[in-house]
Amino acid sequence: MSSKKNISMPETFGLPTVGVETHAHLDFPEFAEDLDQVVARAQAAGVVWFGNVFLSPVAYRLHHTRLAAIPGMFFTLGIHPHEADTLTTEMLADMATLFADDPGLRAFGEIGLDFYWNRSPRDAQVRAFQDQLALARDLDLPVVVHSREAETETLAILRDMDFTDRPLLWHCFGQGRDLAEAVLANGWHISIPGPVTFPKSTALRQAVPHIPLSRMVLETDCPFLTPQPFRGKRNEPAYLCYTAQAVAELRNQSIHEVWSACGATARAFFQLAP
């Protein structure tokens, strides 16, 4: 790995202030001590919007006030498949109330299936996914989908529930061109994470040139999935520039073009102000 003095730091990229961090977990303990500095570094690197993902109504109530005070912050809310077996009818009603009361909540998610870790029983994951999709449809909200080792099942549920051509973002896309084309064919969007910077992420790197920028957004999923050159360290929104750089190189486009286009796509998807 290169020494730190040879690393181009995020603020040196000179990116315009139109960047959108579409998926962050800034309410996690990893950011408890230095959140203000994390946000300042991202703003210096051209990030103007921050999408924080709340994984439960409890997390929303604990951290919403602090995060909502940060300029450019917006939110998503949903029960992750890891906690699918905790979802109740009362919790669904509670989330519906939160969405009605807070215009800063822009999408339902992340919700979906995770058959890699299987931290909740698969049947519970399917039920929770279906129940939350139904609520998102009733509330006419965009959806942010988590799918790991469950792509076939995820696609089948979404099609069965008539989500084709509804606003849907496939979070943390890590597969190849076939899945990308299936997602795009259904009218959905794709979010590119930090592993696109990894040389061994062959399928993802091969898919990126075939995803229109009008359907592509960028994310960190911080504190996870840190891109090169800080892989192994805590991820943070400022590092979104390295993902943009990798996408630009794979597409033979300028980083400024990718940065601006993906930012515009994200603002349109989440209905953020220009």
* **Tally of residues being more than 27 Å from Val208 (Cα to Cα), among the aliphatic types (A, V, I, L, M) and either crowded, with 21+ Cβ neighbours inside 10 Å or free of Cβ contacts under 8 Å to residues at least 24 places away in the same chain (or both) across segment 134-169** => 1
* Index of the failed condition, Cys172 passing every other in (1) in contact (Cβ under 8 Å) with a residue 60 or more places away in the chain; (2) not in a loop (DSSP other than H, G, I, E, B) -> (2)
* To do: Filter segment 50-87 for residues that are in contact with an Asp or Glu (Cβ under 9 Å, 6 or more places away or on another chain), of a type in the set (Val, Ile, Thr) and either surrounded by fewer than 16 Cβ atoms within 10 Å (Cβ to Cβ) or more than 20 Å from Asp114 (Cβ to Cβ) (or both) and give the result.
  => Ile70
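Of all residues in segment 1-25 being assigned to a helix (DSSP H, G or I) and of a type outside the set (Val, Ile, Thr), which is modelled with the lowest pLDDT? First the steps, then the outcome.
Kept after step one, since they are assigned to a helix (DSSP H, G or I), are these residues of segment 1-25: 4-6, 10-12.
When the remaining residues are screened for being of a type outside the set (Val, Ile, Thr), the result is 4-6, 10-11.
Details: Lys4: 53, Lys5: 58, Asn6: 79, Pro10: 97, Glu11: 96.
That would be Lys4.
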* Asked: Which residue out of Ser191, Ser260 is under 20 Å from Gly14 (Cα atoms), crowded, with 16+ Cβ neighbours inside 10 Å and among the polar types (S, T, N, Q)?
  -> Ser260
* Residues of segment 220-250 satisfying the condition of being in contact with a helix residue (DSSP H, G or I) (Cβ under 8 Å, 6 or more places away or on another chain), assigned to a loop (DSSP other than H, G, I, E, B) and within 16 Å of Asp27 (Cβ to Cβ) -> Thr220, Asp221, Pro223, Arg234, Asn235, Glu236
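Okay, residues lined up against (1) hydrophobic (A, V, I, L, M, F, W, C); (2) touching a residue at least 12 places away in the same chain (Cβ under 8 Å); (3) closer than 21 Å to Leu225 by Cβ:
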residue: Val53; (1), (2), (3): yes, yes, yes
residue: Gly72; (1), (2), (3): no, yes, no
residue: Pro81; (1), (2), (3): no, yes, yes
residue: Glu110; (1), (2), (3): no, yes, yes
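The values are calculated or read from the model by the stated rules, or taken from the named source; none is laboratory data. Keep in mind that this is a model prediction, so the values were computed, not measured. Using ideal geometry, Cβ is built from the backbone for each residue, glycine included, and neighbour counts are taken over all protein chains shown.
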